[in-house]
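The values are calculated or read from the model by the stated rules, or taken from the named source; none is laboratory data. Quick caveat, the model's predicted, so the values are computed rather than measured. Here Cβ is always computed from backbone atoms with ideal geometry, including for glycine, and neighbour counts include all displayed protein chains. The accessibility values were calculated without ligands, DNA or RNA, using every heavy atom of the protein model including side chains. Shrake-Rupley method; radii C 1.70, N 1.55, O 1.52, S 1.80 Å.
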Amino acid sequence: MEKDIKSKKAICEIEVAISVIGGKWKPLILWHLGEYETVRFSKLQHLIPDITHRILTKQLRELEDCKLIQRTVYPDVPVRVEYKITRRGKDVLPILDMMCDWASKNDYFGYDIKYNLCEESN
């Protein structure tokens, strides 16, 4: 039996972009995958210590569904899972960099920054 696939609807392209890469964790995940190319799940947990196992798994699945990252499972004992940023995912990195610069130029709009990616990449 085939699944009913519902067409996703959006008001505009910006809504689509925000729904795909927006949120608290997806930009951080993409940023780190952009820095390291290939990362194991445990390394991502180490790089983003505030994220829960469940949320990291969910965010990685959503990024994989949008083909921004690729998940590879190796049949080792124990099983090894690696995540790699795709070409489509790499296309997002300059946007994240511009967002980082914009926030920095505006004194972070009064926010205290916990993960200062702008300074880490320079």
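General observations
- The stretch 30-43, residues that are in contact with a strand residue (DSSP E or B) (Cβ under 7 Å, 6 or more places away or on another chain) and surrounded by fewer than 17 Cβ atoms within 10 Å (Cβ to Cβ): E37, T38, R40, F41
- Residues located in the stretch 49-74, provided they are within 15 Å of I85 (Cβ to Cβ) and touching a helix residue (DSSP H, G or I) at 6+ places or on another chain (Cβ under 9 Å): Q59, L60, E62, L63, C66, K67, L68, I69, Q70, R71
- For the stretch 44-67, residues that are over 13 Å from the mean Cα position of the chain (by Cα) and surrounded by 15 or more Cβ atoms within 10 Å (Cβ to Cβ) total 0.
- Test: P27 is open to solvent by 40 Å² or more (accessible area, probe 1.4 Å) and either of a type outside the set (A, V, I, L, M) or free of Cβ contacts under 8 Å to residues at least 12 places away in the same chain (or both): no
- Per-region count, the stretch 20-67, residues assigned to a loop (DSSP other than H, G, I, E, B) and aliphatic (A, V, I, L, M): 2
- Failed condition for I21, given (1) out of contact with any helix residue (DSSP H, G or I) (no Cβ under 9 Å at 6 or more places or on another chain); (2) open to solvent by less than 70 Å² (accessible area, probe 1.4 Å): (1)
- Within the stretch 75-103, the residues that satisfy the criterion of being over 14 Å from L30 (Cβ atoms) and open to solvent by less than 50 Å² (accessible area, probe 1.4 Å) are V81, E82, A103.
- Residue pairs meeting the criteria (Cβ under 6 Å; at least 6 apart or on separate chains; first over 15 Å from L96 (Cβ atoms), in the stretch 9-20; second in a helix (DSSP H, G or I)): A10/V16
- Filter result for the condition that a residue is touching a His at 6+ places or on another chain (Cβ under 7 Å) and touching a residue at least 12 places away in the same chain (Cβ under 8 Å), over L47, L56: L47
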